[in-house]
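The values are calculated or read from the model by the stated rules, or taken from the named source; none is laboratory data. Keep in mind that what you see is a predicted model, and the values were worked out from it rather than measured. Positions of Cβ are generated from backbone atoms using ideal geometry, with glycine treated the same way; all protein chains shown enter the neighbour counts.
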Amino acid sequence: MITPWHFFLAMLAGWVNRQQLAVIEYLQEENRVLREKLGSKRILLNDDQRRRLAVKGKILGRKALAEVGAIFSPETILAWHRRLVARKYDGGQKRGPGRPKTKRRIARLAVRMARENVGWDYTRIEGALRNLGHVVSRSTVRRMLKDHGIEPANRRRKHIPWKTFLQAHWGAMAAADFLTVEVWTARGLTRYLVLFVVDLATRRVEVAGIAPQPDGEWMTQVTRNLTDSFDGFLQGKRFLIHDRDPLFTEAFAKTLKAAGVEVVKLPPQSPNLNAYAERFVRSIKSECLERMIFFGEDPLRQAIAEYVEHYHVERNHQGPGNRLIAGQPEEARPGNGRVVCRQRLGGMLRYYHRKAA
């Protein structure tokens with residue numbers, strides 16, 4: 001039995017349906033206008049906008065989407081939906097990275113062993129790592145060294161690094177170099193050359209000679225003094241490294257060789273390979289020579305002698321643990337004595353210590 005209520009509901013449903021159709025027709029027309037305005041321009045959407053359109057578009061289906069006349073084609077909207085589904089079931093974020101990579105600290109150990117031991121091959125390094133509790137294969141060692149540009153042992157043996165050579169002969173090596181100082185003399189401003197030698201193991205310095213115009217005979221005599229069997233500075237040394245200054249003549253090298261000291265010439269333009277000698281030059285110039293004006297050779301010799309004494313017994317050095325080269329004098333040891341200051345060169349060089357009670 002049809003009641004007035006049924007009739008009213010039917011009229012309401014028809015009105016709502018007509019209203020929805022009108023809205024749809026308007027939106028379709030609006031989309032057409034937008035497509036005409038945009039032409040071939042591409043609309044860029046973010047991920048959230050794609051997701052919203054994909055969810056709604058899937059409900060309508062391809063046929064309905066084509067009838068709506070959307071700005072984006074049905075294929076594009078449905079492709080976005082497929083990506084959403086694929087992302088939902090993608091377990092890539094939960095999966096591990098596959099075979100675990102070798103830990104960085106193990107790689108650093110392998111590289112260190114290869115660089116410090118040029119004769120160690122992959123198998124030897126593998127065994128050394130196993131001794132430390134790191135079980136890796138020979139091929140893994142090979143890959144780690146290759147990644148760091150380290151050649152196989154048979155090639156590394158042919159090219160011993162300079163650092164390795166120095167460490168192997170540290171106690172038997174010394175380094176020689178020149179420094180220059182401008183001095184006022186009766187002939188005007190004269191450049192003096194100072195030849196010095198550094199014991200690489202102890203950092204002790206010996207000023208071998210000072211001259212305005214050193215020649216081959218002067219160098220030969222200096223070499224004899226350095227290699228003297230009684231008090232020569234190079235006693236017990238097997239190697240002397242120096243640059244390619246022409247003053248280091250063949251006679252100089254022969255005199256050294258006769259005393260059992262072999263000359264090691266540095267490559268051209270390589271000051272870093274004679275770093276200890278270069279550091280002494282920087283120290284004596286910045287702390288003493290560049291802060292003084294010399295009138296004659298005698299003041300120059302006195303200033304250098306005072307600085308070398310200060311350098312050995314009063315100046316702390318970072319290399320030997322920020323200590324004194326010649327050890328800690330008795331009066332400098334901690335105590336309750338009064339703190340006094342020892343001055344050299346008019347107070348340019350100072351040393352603080354406790355005076356013995």
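Checking the stated criteria, E262 turns out to be more than 21 Å from H317 (Cβ to Cβ), in contact with a strand residue (DSSP E or B) (Cβ under 7 Å, 6 or more places away or on another chain) and without any contact (Cβ under 8 Å) to a residue 40 or more places away in the chain.
If the condition is being surrounded by 15 or more Cβ atoms within 10 Å (Cβ to Cβ) and either at pLDDT 75 or above or in a strand (DSSP E or B) (or both), then the stretch 144-155 contributes M144, L145, I150. Any residue that is surrounded by 12 or more Cβ atoms within 10 Å (Cβ to Cβ), at pLDDT 90 or above, of a type in the set (S, T, N, Q) and within 13 Å of L179 (Cβ to Cβ) - is there at least one of those in the stretch 285-305? No. Would you call E126 in a helix (DSSP H, G or I) and at pLDDT 85 or above? The answer is yes for E126.
N272 satisfies every condition listed in (1) exposed (fewer than 14 other Cβ atoms within 10 Å of the Cβ); (2) closer than 19 Å to L179 by Cβ; (3) more than 38 Å from the chain's Cα centre (by Cα) except (3).
Of the residues G319, G296, the single one that is within 18 Å of E206 (Cβ to Cβ), in contact (Cβ under 8 Å) with a residue 12 or more places away in the chain and among the small types (G, A, S) is G319.
Looking for whichever is surrounded by 15 or more Cβ atoms within 10 Å (Cβ to Cβ), outside any helix (DSSP H, G or I) and modelled with pLDDT under 80 here; the options are V118, V136. Which one fits?
None of the other options fit; the residue is V118.
Being assigned by TED's automatic domain parsing to the domain that holds G216, in contact with a strand residue (DSSP E or B) (Cβ under 9 Å, 6 or more places away or on another chain) and either more than 15 Å from L195 (Cβ to Cβ) or in a loop (DSSP other than H, G, I, E, B) (or both) is the requirement here; does F280 meet it? No: the conditions fail for F280.
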